[in-house]
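**Student:** One structure, as structure tokens, below. Some questions next.
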Amino acid sequence: MKIIKQIEQNRCIWFDRDCWEQCPDDFFSPFYWKQQHAVVGQAKGRGQALFFQHQDQSYVLRHYHRGGMVGKLSHDRFLYLGKRLSRCRQEFMLLCELVRLGLPGPIPVAARMVREGLFYRADLITKRIPKARDLSELLVKQRLSVDVWREVGRVIRRFHDAGIDHSDLNIHNIMLDHQEQVWVIDLDKSHRRSKGKWQQDNLERLLRSLNKERQRMPHWYWLDSDWQILMQGYQGLK
């Protein structure tokens, strides 16, 4: 990867020149891609994502939003503490690290921070994972195989062994592609750290999300025994 940093007035853009020769500001505008008739879909949620096509490749454009009570006051503005500490740059650089480590996460393409006085807004562009769906989408329709649950555990362990603390590891942030490869997405506010209690905290958060969806959904094809299989994969057992 060849990371380029370009600064213009109140904005800073980081992008991988191995992916794009240039990265104009328009590339972070949903309106621009709609004008190009390049939009192929959209994912809803707190951080809405736009899917678009460019040069025969599918990409995901995500605008950073705030959650909770603070998000009701300022849904997409964050306190400016410097370019290096902006959420988009931190996630972009962490994703670059995942590529270097060979971990199955989104491939970063570009990030943008726009400063507005004491605050900033931010965006991130990644390559779209082909034919992938998150586990919550799958579990409302079908049970997943023992092999899939075991592989989920193995992948989480690979992230943990590399010191990747996922700040929000839940069932919506784990994806499965058409070849049943497991991917971990949405690493906003995540970072690398030495081993500690956070690893168990990650697993407990994921388990809570599975139980929460089971209580909420009329059809939810997940059993407690599936969690035991996941943990066997995490522990390296067969």
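**Student:** Among the residues of segment 139-148, are any more than 30 Å from Gln22 (Cα to Cα), at pLDDT 95 or above, within 19 Å of the chain's Cα centre (by Cα) and aliphatic (A, V, I, L, M)?
**Tutor:** Checked against the condition, which is being more than 30 Å from Gln22 (Cα to Cα), at pLDDT 95 or above, within 19 Å of the chain's Cα centre (by Cα) and aliphatic (A, V, I, L, M), segment 139-148 yields no hits at all.
**Student:** Another question, if that's okay. Got a number for residues in segment 89-104 being within 15 Å of Trp183 (Cα to Cα), in contact with a helix residue (DSSP H, G or I) (Cβ under 7 Å, 6 or more places away or on another chain) and not hydrophobic (A, V, I, L, M, F, W, C)?
**Tutor:** Of the residues in that region, 1 qualify.
**Student:** How many of the residues in segment 74-131 are of a type outside the set (Ser, Thr, Tyr) and assigned to a loop (DSSP other than H, G, I, E, B)? I'd like the intermediate steps shown before the answer.
**Tutor:** The initial filter retains those residues of segment 74-131 that are of a type outside the set (Ser, Thr, Tyr), namely 75-79, 81-85, 87-119, 121-125, 127-131.
Retained after the next criterion (residues that are assigned to a loop (DSSP other than H, G, I, E, B)): 75-77, 81-82, 102-107, 117-118, 128-131.
Final tally of qualifying residues: 17.
**Student:** Hey, another quick one. Arg157 is checked against (1) within 30 Å of Glu8 (Cα to Cα); (2) touching a residue at least 60 places away in the same chain (Cβ under 8 Å); (3) surrounded by 13 or more Cβ atoms within 10 Å (Cβ to Cβ) and fails just one. What number does that condition carry?
**Tutor:** Evaluating Arg157 over (1) within 30 Å of Glu8 (Cα to Cα); (2) touching a residue at least 60 places away in the same chain (Cβ under 8 Å); (3) surrounded by 13 or more Cβ atoms within 10 Å (Cβ to Cβ) leaves (1) as the failure.
**Student:** Sort out which residues of segment 128-138 are among the acidic types (Asp, Glu) and either at positive phi or within 13 Å of the chain's Cα centre (by Cα) (or both), and write them in order of number.
**Tutor:** From segment 128-138, those among the acidic types (Asp, Glu) are 134, 137; that's our starting set.
Within segment 128-138, Asp134 is the sole residue that qualifies.
**Student:** Identify all residues within segment 104-148 that are more than 30 Å from Tyr80 (Cβ to Cβ) and out of contact with any Phe, Trp or Tyr (no Cβ under 8 Å at 6 or more places or on another chain); write none if there are none. Give the steps one after another, and end with the answer.
**Tutor:** So the first thing to find is which residues in segment 104-148 are more than 30 Å from Tyr80 (Cβ to Cβ), and the list is 104, 129-148.
Hits for segment 104-148 are Pro130, Lys131, Arg133, Asp134, Leu135, Ser136, Glu137, Leu138, Ser145, Val146, Asp147, Val148.
**Student:** Restricting to segment 128-150, name every residue that is open to solvent by less than 60 Å² (accessible area, probe 1.4 Å) and in contact (Cβ under 8 Å) with a residue 40 or more places away in the chain.
**Tutor:** Listed by number, the residues that qualify are Ile129, Ala132, Asp134, Leu135, Ser136, Leu139, Val140, Leu144, Trp149, Arg150.
**Student:** Also, I was wondering about something else. Identify all residues within segment 139-166 that are part of a loop (DSSP other than H, G, I, E, B) and touching a strand residue (DSSP E or B) at 6+ places or on another chain (Cβ under 8 Å); write none if there are none. I'd like the intermediate steps shown before the answer.
**Tutor:** Restricting attention to segment 139-166, the residues satisfying the condition of being part of a loop (DSSP other than H, G, I, E, B) are 140-145, 162-163, 166.
Leu144, Ala162, Gly163, His166 - these are the residues of segment 139-166 that are part of a loop (DSSP other than H, G, I, E, B) and touching a strand residue (DSSP E or B) at 6+ places or on another chain (Cβ under 8 Å).
**Student:** Looking only at segment 188-238, which residues are open to solvent by less than 80 Å² (accessible area, probe 1.4 Å), free of Cβ contacts under 8 Å to residues at least 60 places away in the same chain and either among the aliphatic types (A, V, I, L, M) or outside any helix (DSSP H, G or I) (or both)?
**Tutor:** Passing the criteria: Gly196, Leu203, Leu206, Leu207, Leu210.
**Student:** Tell me whether segment 174-185 contains one or more residues that are open to solvent by 20 Å² or more (accessible area, probe 1.4 Å) and over 26 Å from Val99 (Cβ atoms).
**Tutor:** no
**Student:** Can you tell me how many residues in segment 118-127 are within 13 Å of the chain's Cα centre (by Cα) and either farther than 23 Å from Asp26 by Cα or open to solvent by 30 Å² or more (accessible area, probe 1.4 Å) (or both)? Before you say what the answer is, go through the steps one by one.
**Tutor:** From segment 118-127, those within 13 Å of the chain's Cα centre (by Cα) are 123-127; that's our starting set.
Still in the list and also either farther than 23 Å from Asp26 by Cα or open to solvent by 30 Å² or more (accessible area, probe 1.4 Å) (or both): 127.
Looking only at that region, the number is 1.
**Student:** Right, something else. So which residues in segment 11-34 are among the polar types (S, T, N, Q) and open to solvent by 60 Å² or more (accessible area, probe 1.4 Å), if there are any at all? Explain how you work it out, then say what you get.
**Tutor:** Taking segment 11-34 as the starting set, the residues that turn out to be among the polar types (S, T, N, Q) are 22, 29.
Residue satisfying the conditions is Gln22 alone.
The values are calculated or read from the model by the stated rules, or taken from the named source; none is laboratory data. The model shown is predicted, which means the values in this text are computed figures rather than measured ones. Because the Cβ atoms are built from the backbone with ideal geometry, glycine has one as well, and the counts that use them run over all protein chains shown. Just the protein is used for accessible areas: all its heavy atoms, side chains included, with ligands, DNA and RNA removed. Shrake-Rupley method; radii C 1.70, N 1.55, O 1.52, S 1.80 Å.
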